[in-house]
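Heads up, the thing below is written out as structure tokens.
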Amino acid sequence: MKDVIIGLEVHVQLNKLNSKLFCGCSTKYHDSGPNTHTCPVCLGLPGALPVLNRTAVEAAIKVALALNCEIAEQTLFYRKNYYYPDLPKGFQISQYDYPIAINGNLVIEGDSERNIRIRRVHMEEDPARLVHKGPIEKSKYSLIDYNRSGMSLLEVVTEPDLRSPKEARQFLNKLRNILEYLDVFDGYLEGAIRVDANISLAGGARAEVKNISSYKGVEKALSFEIVRQKNLMRRGIKVVQETRHYDEARGVTISLRTKEEEKDYRYFPEPDLVPFKAKDGVPKIKETLPELPDAKRRRFVEQYNISEHHAKVLTSELKLANFFENVAGKVDTNQAATWIADVLKGELNYRGLGIDAFSPEHAIQILRMLEKKDITEKGAVQVIRTLLDEGGTPAEIVKQKGLIKVGTDVIARAVEEAIKENPTAVQDYHAGRNEALHFLVGQVMKKTSGKADPDAVNKLLREKL
Ligand code: ZN
Ligand code: MN
């Protein structure tokens, strides 16, 4: 899809900070009733004055450094003027000409590594949340919750370097990953991320799809747009530059309005906040930067001698990476990588659970039983599934379900029986038909209720045949 051009404007909420961007209101409102975390500043009452949250600035610099940006010598806030009920002041305090950071990049790994340039990172306040009763176009009234008003947002703007909806998703996943490593962002909270996506096909005007609020939504909305724009072009109709809304439920984008121009916002410097030197804080903040995903991935490959693929999966979430390191110190590292990245992660994804749902202690116990060949791989999978679905401990489950691997004497007896009971299969085997061996292995596994080691069964069968 080389003729597809996509740029993203990603709003991320720094929802792990303690207080909002310009007031002392707590950011931990997600479990509280509406309009309980407000004050004159974030309600936009006349005469209320904003005070800049130093921690929010530090967090913004952290993110910008992690995205390889240049931090501004001097930066300041502007008023972006527009009226909407979720913005009671009639303007949003945002940044304009002198954003806190510019010229960064982020590398995504798809089929090949791709460098996505970041044009700018700027700080702004979040508006309140509108709750429409029913579908937006039929809604009789809307409710406003000001708990979100004044939350710290970072707007990360890419250059139009993305070439497919899939790359857009990879970019967002990587960005989320970095933000979580920096401990400034919880991607699971409502409103954590909102994306405006610009998309055009070669030779056409660009459409901006506004306010997509889920990671999957971005990929779907962009895929829809490609089809829509291609169809228009095929029929000789001009694609117009406009703002579109993504209807998550129906999976379509709808025309909202032709795009406002920058001049419509009448940007001017916010007179209640002074310009400040962002760069001064950089050396100290640099020291607090944790190991980031790319560095951790490289270290995992080197230190634990695991595959690039496993390292990538394991570092895709900080919690998962920590879980692995916790376990890897106590059992064979390659086995730990395989079981955590492939098996456990798969079982968790299937159930929509995070790694928090599994204890590293249990993982160690299971892997040790495997190492000692007390249970089969099949048995280990069963233990993991049972732990996730019903709870318990690995030892209990192994006992209850009779998963302790059977000894060689039992296998030998089952092999003999299987040979005796299936003369045709034995003949077929000698005639060179390999399926016959698979069949016999299956018979032995059946007789041992799946508790025999398949390798041992195979070996013994070949010997006896
Ligand atoms: Zn407030
Ligand atoms: Mn914005």
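Less than 5 angstrom separates the built amide H of Leu162 from those of Ile6, all sequence-distant by 5 or more or on a different chain. Here the Karplus relation 6.51 cos²θ - 1.76 cosθ + 1.60, evaluated at θ = phi - 60°, turns the backbone of segment 455-465 into coupling constants of 4, 5, 4, 4, 5, 5, 4, 4, 5, 7, 7 Hz, with x for every Gly and Pro.
Amide hydrogen proximity for Leu256: with H placed 1.01 Å from N in the peptide plane, the residues at 5 or more positions away or on another chain lying under 5 Å are Thr243, Arg244, His245. A straight line joining the Cα centroids of segment 398-454 and segment 230-272 runs 65 Å. What's the angle, to the nearest 10 degrees (0 to 90), between helix 293-304's Cα axis and the longest principal axis of the chain? The helix 293-304 is inclined about 20 degrees to the chain.
When each of Phe276, Phe77, Phe224 is scored by the number of other beta-carbon atoms lying within 10 Å, the sequence from fewest to most is Phe276, Phe224, Phe77. Helices in the chain, meaning DSSP H runs of at least 4 residues, each add -39500 (n - 2.57). Divided by all residues, the mean residue ellipticity at 222 nm is -11500 deg cm²/dmol. Net length available on complete extension from Ala395 to Leu465 is 21.5 nm, with 0.36 nm assigned per residue and the Cα-Cα distance removed.
For Lys286, neighbours were defined as the other residues whose beta-carbon sits under 15 Å from its Cβ, and their charges (Lys and Arg +1, Asp and Glu -1) total -2. Computed from backbone phi with θ = phi - 60° and the Karplus coefficients 6.51, -1.76 and 1.60, the 3J(HN,Hα) list for segment 265-274 is 7, 6, 4, 8, x, 5, x, 8, 10, 8 Hz; x is used for glycine and proline.
Over the Cα atoms of the chain, the radius of gyration divided by the Kirkwood radius equals 1.10; this is the Rg/Rh ratio.
Assuming charge only on the beta carbon of Lys and Arg (+1) and of Asp and Glu (-1), the dipole of the chain about its Cα centre is about 860 debye to the nearest 20.
Using per-residue counts of other Cβ atoms within 10 Å, averaged over each peptide, order 305-312, 105-112 from highest down. If you can, show how the numbers build up before the last one.
Values: 305-312: 16.4, 105-112: 13.2.
The packing order, highest mean first, is 305-312, 105-112.
This ranking places Met123, Met369 by how few other beta-carbon atoms lie within 10 Å of each, fewest first, which gives Met369, Met123. Here the Karplus relation 6.51 cos²θ - 1.76 cosθ + 1.60, evaluated at θ = phi - 60°, turns the backbone of segment 36-41 into coupling constants of 9, 10, 9, 8, x, 5 Hz, with x for every Gly and Pro. Candidate cross-link partners of Lys296 among the lysines, defined by an alpha-carbon separation under 19 Å and a same-chain spacing of 8 or more, comprise Lys62, Lys174, Lys286, Lys312, Lys319, Lys345.
Taking neighbour Cβ counts within 10 Å as the exposure measure, how do Ser214, Ser139 sort from fewest upward?
Values: Ser214 16, Ser139 12.
Listing Ser214, Ser139 from fewest to most nearby Cβ atoms yields Ser139, Ser214.
FYI, it's all coordinate maths here, none of it is from the lab. These numbers were taken from a predicted model, which means no experiment stands behind them. Positions of Cβ are generated from backbone atoms using ideal geometry, with glycine treated the same way; all protein chains shown enter the neighbour counts.
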